[in-house]
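Below: one structure, written as structure tokens.
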Amino acid sequence: MLKSSFLSPRLWLPLVGLTALFAACGDSSNTPNNPGNASSSSSGTGGSGGSGGGGTGGQGAGVTAPGPDAEWGTGSDVGSLEGGVWTPGRDENGLVNEDSWDLVPGGQWIEVNGTRLDALDAEVKEKVPGWNDYGSGDWNAVTVAWNSPAHDPEGSRAWWVSSGGHADSSNNGIYRFDAFRMAYAIEHLPSDTTQWSDAYKSMTTYTSCPESSAEFDAALAAGTLKEENDWFYDELFWDRQPTARHTYSGVVYVPKTNELVMAVRRLWRYSRDEGKWVYKRLPAMDWKNKLGEESLAIYDEYKDQLLVASCGSNGPWSNTFDMNTSNWTGEGTSWNGWDWNGAADARFGDRVAIFKVPEDPATGQYAAKGLYQLFDVKERKVVQSGTVQYADGLSAVDFPVGDSAGMVYIPPLDRYWVATKTKEGKLGWFELNPTTEPWTLRPLVQNGTTPELDGHTQVRRRMLWMPKLHAMIFLGSGTKNIMVYRF
């Protein structure tokens with residue numbers, strides 16, 4: 001049973017003088033890096049990449065099956081299909097055999113047996129002896145605690161990156177889903193929790209590490225704090241890895257450099273080639289109320305830049321990070337502002353649709369109106385925008401105050417599917433039609449079982465269109481199998 005922290009408001013902690021709030025404890029025998037060695041690329045247990053064997057948490061050992069996998073397996077094991085549950089048959093390399101994929105019917109959701117994220121628990125604990133998630137939600141919280149994965153559509157894969165945060169999870173590992181294998185794998189091991197102090201283990205939010213906050217406060221007071229690769233509250237004191245956090249929609253995959261970039265709290269870069277975190281940067285030296293919550297990040301491959309806007313309890317903030325110069329450019333985004341706080345988004349090709357699900361006007365003067373925009377990444381401009389109209393008896397009064405809606409574009413239908421919280425507290429499904437003016441929102445009727453999140457409704461980017469499979473993947477909660485929908 002998940003504790004009520006999943007349902008509590010997401011408040012960003014005041015950061016100046018965090019040591020006054022969290023007493024720094026010195027009960028760990030491990031000596032941390034000093035600020036002079038603050039770069040993640042040389043951090044204490046940063047380690048090297050690759051698919052090596054054992055090792056302690058935070059080291060990059062445990063990186064497996066680098067991919068991307070380009071095709072199905074050619075083995076003879078077809079697996080089985082029983083009711084709405086498919087058990088994939090795989091070849092000797094772990095790839096799902098094409099004949100097994102052919103068993104999966106189209107036009108309905110199919111559960112994929114053996115694809116629970118929490119199945120990695122034993123492997124993590126074998127490779128990191130004594131490891132424990134001190135949060136209230138365990139593996140479920142990695143996926144449903146205001147988190148969403150980074151997606152590589154060409155590589156047919158996705159990653160949960162340092163996902164958890166607050167009291168929900170302290171798990172700061174990276175976990176990859178490979179669609180051609182229909183399996184999760186450890187991309188990067190979580191940190192060794194046996195090194196942690198009792199103070200951090202007993203925190204009410206694992207996003208902040210009190211010992212790191214003390215180092216940050218000291219550097220700030222001394223006037224030596226650097227914007228790049230220095231101390232901040234969002235890293236672990238013992239191995240300089242990022243803390244677990246709510247990632248919102250703020251993690252992206254950058255194919256040019258084969259990196260995972262996390263733009264939440266700070267901007268962090270993880271090199272898949274090196275198997276470690278290599279860079280971290282404050283949003284600014286006046287970092288307060290910037291890059292805190294409700295981050296929505298989009299990668300521009302034409303300029304090699306990351307476009308970011310965040311909101312939440314910090315209020316709106318936006319900027320653009322240049323991957324080549326490692327600098328913030330000062331350019332904001334079109335989805336910056338309260339109107340887009342917690343909006344859903346879906347990218348297909350160069351275009352990103354951003355949609356703020358409407359809310360019942362009776363909920364107050366700030367109720368969302370159902371705004372949408374279509375942003376062209378290459379042209380760097382909004383090419384369509386408006387307020388949705390409704391069909392089939394639907395209206396704004398049918399929606400409660402929004403909570404992490406998700407959407408996905410389905411090319412063969414030229415429609416968006418939207419999943420969001422209903423007034424009954426369940427996950428509701430809707431179709432958004434971009435071919436009308438304005439776009440039209442209506443209920444979505446589906447056959448058979450539909451995905452659910454163990455009573456939660458934080459969807460965000462977990463619905464993924466996989467072009468090489470001509471199918472949609474729904475990455476559910478950590479204790480449930482994933483689901484697939486073929487077209």
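The values are calculated or read from the model by the stated rules, or taken from the named source; none is laboratory data. Note that this is a predicted model, so its numbers are computed, not measured. As a convention, Cβ positions derive from the backbone with ideal geometry for all residues, glycine included, and neighbour counts pool all protein chains shown.
Look at residue 401 and say whether it is out of contact with any Cys (no Cβ under 6 Å at 6 or more places or on another chain), modelled with pLDDT of 95 or more and not acidic (Asp, Glu). In short, no. Checked against (1) in contact (Cβ under 8 Å) with a residue 12 or more places away in the chain; (2) over 17 Å from residue 352 (Cβ atoms); (3) touching a Phe, Trp or Tyr at 6+ places or on another chain (Cβ under 8 Å), residue 327 passes all but condition (1). The number of residues in region 376-428 that are assigned to a strand (DSSP E or B), in contact (Cβ under 8 Å) with a residue 40 or more places away in the chain, among the small types (Gly, Ala, Ser) and touching a Ser or Thr at 6+ places or on another chain (Cβ under 9 Å) comes to 2. The residues of region 320-371 that are out of contact with any helix residue (DSSP H, G or I) (no Cβ under 8 Å at 6 or more places or on another chain), over 21 Å from residue 260 (Cα atoms) and of a type in the set (Val, Ile, Thr), listed by number, are 357, 363. With the structure loaded, tell me whether residue 268 is in contact (Cβ under 8 Å) with a residue 12 or more places away in the chain, touching a Leu at 6+ places or on another chain (Cβ under 9 Å), among the aromatic types (Phe, Trp, Tyr) and within 25 Å of residue 153 (Cβ to Cβ) or whether it fails that test. Answer is yes for this residue.
A Cβ distance below 6 Å, combined with a sequence gap of six or more or placement on separate chains, defines the contacts here; from region 450-464, residues that are surrounded by fewer than 21 Cβ atoms within 10 Å (Cβ to Cβ) reach no residue that is part of a loop (DSSP other than H, G, I, E, B) and among the charged types (D, E, K, R).
Among residues that are loosely packed, with under 15 Cβ neighbours inside 10 Å and closer than 21 Å to residue 308 by Cα, residue 349 is included. Among 219, 141, 185, which is the only one that is surrounded by 23 or more Cβ atoms within 10 Å (Cβ to Cβ) and not in a loop (DSSP other than H, G, I, E, B)? The unique qualifying residue is 141. Taking the criterion of being charged (D, E, K, R) and over 18 Å from residue 185 (Cα atoms), the residues of region 88-132 that qualify are 98, 99, 102, 111. Is at least one residue of region 358-369 assigned to a strand (DSSP E or B) and in contact (Cβ under 8 Å) with a residue 24 or more places away in the chain? Within region 358-369, none of the residues are assigned to a strand (DSSP E or B) and in contact (Cβ under 8 Å) with a residue 24 or more places away in the chain.
Of 223, 312, all but one fail to be free of Cβ contacts under 8 Å to residues at least 12 places away in the same chain and on the phi > 0 side of the Ramachandran plot; the exception is 223.
Entry remark, region 85-107: residues being part of a loop (DSSP other than H, G, I, E, B) and crowded, with 19+ Cβ neighbours inside 10 Å number 4 in total. Of all residues assigned to region 419-428, at least one qualifies as being farther than 24 Å from residue 332 by Cα and in contact with a helix residue (DSSP H, G or I) (Cβ under 8 Å, 6 or more places away or on another chain). For region 372-388, a residue qualifies if it is in contact with a Leu (Cβ under 8 Å, 6 or more places away or on another chain), surrounded by fewer than 16 Cβ atoms within 10 Å (Cβ to Cβ) and not aliphatic (A, V, I, L, M), and the qualifying residues are 384, 385, 386, 387.
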